[in-house]
Amino acid sequence: MTGVGTKNSAAATVAGQRAALLRRPQRPVHLSVVVVFVLFALFVLPPLMSAYYTGYMTLVAIYSIVTLGLGLLVGRVGLYSLGQGAVLQIGAWTAARLLFATGQPFPLVIVEAGLVTMLIGTLIGLPAIRLRGLYLALITLMLAGSITVVLATVNFPNGGGGFTGYNGSLMHIPPIRRPSIAGTDAAYYRYAVVVALLMFILVYLHLRTRPGRSWAAIRQSEPAALAAGISTTFYKLWAWALAAFITGVAGGLLAGDAHYLYSVNFSTQDSIILLAVALMGGVYNLWGAVIAALLMQLLPGVLQNLGVSNAWLYILFGIGVLQVLTTAPAGIADQFPKDMKKLGLLLWRLVRRPSASGASGAPAASGTPATPGAASSSAAPGASGAPSTPGAPGASRGGTT
């Protein structure tokens, strides 16, 4: 009976730790932080950035949507997918084809790209959700490889006719158009930030309602979720479809940002890097998606600007993933505030230590040899009644008594 009780308590402890990781912040201060962050990104940051960093920050906004979808699958449902890079390619291909073939508004095109990827992602998810862990990761990785091969054969649309919209004989390839209100790079950066904010709100609303609670139950224990009456197949497909939709929207934004898309721009290893940076940023926190996008897009730009080879990124990502797996399972988004709090407490103790040691130094000094001034202060009670001069006999007697 003791062993059973120990196992039950251990299981309860593990469940409590997982619930703590999945718990959403309820403090109002987070809303103010989000508002300040969005206003800074929209109005303060663009005038401060050069064209070089504006392009990279646009990619950060786009890829934050991709890592958001991957974090939803991994952190909220427990589905490890290595195929988000393939979904991004499908969304970019669809958006490019529609932008060349039709005159539809840009917002409608990226929504349609998201719907196409949602449909394809749901069809792929039907057989894939029966798998978990490493098996699901391998299946989705093979999907990413096959999509890369197909797109390398078909090529991305360049304004030609037919289903693929590709014509190799064109001397002048027209660029993929952008929305009329976001013609410049700075305006398109703001446009991408607004779309990313809408996708974050969409995911947040899901997490705050019944789908989010169902996903959290499935993540902690699928048999327990089944026993509670939760349709695990339905909610897994829901998560898969939502992640595919927002990734397709990101693909549409990527098409408008790049102007020209080629199959060589997408590689199978991008899906692996996406999962690595998502784990490093934090899959249990929405801020982790932003941190992951910064690691994947802005960090290479900074290294390139400093003249450092991008090959160092693989070493940094490897170290980062190892550190996450060993010491910070919730990623940078969860670990960094804790480390800063510990550092603040340490600095506070160091600041208070000299004053505390000064206050405790007076009692400790009573056992040391007395100076003439100290002898007069420690004189006998009889000598304290009258003021004594340095040469008074009473003071000397009090000092020797």
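The values are calculated or read from the model by the stated rules, or taken from the named source; none is laboratory data. Just so it is clear, the model here is predicted, and its values are computed rather than measured. Ideal geometry is used to build each Cβ from the backbone, glycine not excepted, and the neighbour counts take in all protein chains shown. The accessibility values were calculated without ligands, DNA or RNA, using every heavy atom of the protein model including side chains. Shrake-Rupley method; radii C 1.70, N 1.55, O 1.52, S 1.80 Å.
Among the trypsin sites (Lys or Arg not before Pro) within segment 37-133, those in coil by DSSP and having at most 15 neighbouring Cβ atoms inside 10 Å are Arg130, Arg132. Among the chymotrypsin sites (Phe, Trp or Tyr not before Pro) in segment 113-198, those placed in a DSSP loop whose Cβ has at most 10 other Cβ atoms within 10 Å are Phe163. With 0.36 nm allotted per residue and the present C-alpha distance subtracted, the Leu345-Val321 stretch has 5.9 nm of extension available. Ligands, DNA and RNA left out, the 1.4 Å accessible surface of segment 160-265 is 66% carbon and sulfur atoms. Annotation: Cα Rg of segment 169-311 relative to the compact-globule expectation 2.2 N^0.38 Å equals 1.30. Here the Karplus curve 6.51 cos²θ - 1.76 cosθ + 1.60, taken at θ = phi - 60°, turns the phi angles of segment 181-195 into couplings of 7, 9, x, 7, 5, 5, 5, 5, 4, 4, 4, 5, 5, 5, 5 Hz, with x standing for Gly and Pro. Principal semi-axes of the equivalent ellipsoid, √(5λ) from the alpha carbon gyration tensor of segment 31-179, are 27, 27, 13 Å from largest down. Could you name the aspartates and glutamates whose alpha carbon sits less than 17 Å from that of Lys236, not counting residues in the same chain fewer than 8 places away? Correct list for Lys236: Glu222.
If we count every other residue with Cβ under 10 angstrom of Ala328's Cβ, Lys/Arg +1 and Asp/Glu -1, where does the sum land? Neighbour charge sum, excluding Ala328 itself: -1. Projected label points at Ser169 and Trp312, each 7 Å from Cα along the beta carbon direction, are separated by 5.0 nanometres. With bins 10 Å wide beginning at 0, the percent of Cα pairs of segment 240-316 falling in each bin runs 15, 44, 36, 5, 0. Fully extending the segment from Gln304 to Tyr260, taken as 0.36 nm per residue of separation minus the present Cα-Cα distance, adds 13.7 nm.
If you take all other residues with their beta carbon under 13 Å from the beta carbon of Tyr235, and give Lys and Arg +1 and Asp and Glu -1, the sum is +4. In straight-distance terms, cross-link reach from Lys342 covers every one of the aspartates and glutamates whose alpha-carbon lies under 18 Å from its own, apart from those fewer than eight places away in the same chain; here that gives Asp334.
For the pair Arg353 and Ala224, a Förster radius of 45 Å applied to the C-beta separation gives a FRET efficiency near 0.35, rounded to the nearest 0.05. With the simple model of a label 7 Å out from the Cα in the direction of the Cβ, Val38 to Thr233 spans 3.8 nm.
Based on protein heavy atoms only, segment 282-327 ends up with 53 Å² per residue of surface accessible to a 1.4 Å probe. Stretching the chain fully between Arg210 and Lys338 yields a gain of 43.1 nm (0.36 nm per residue, less the alpha carbon separation).
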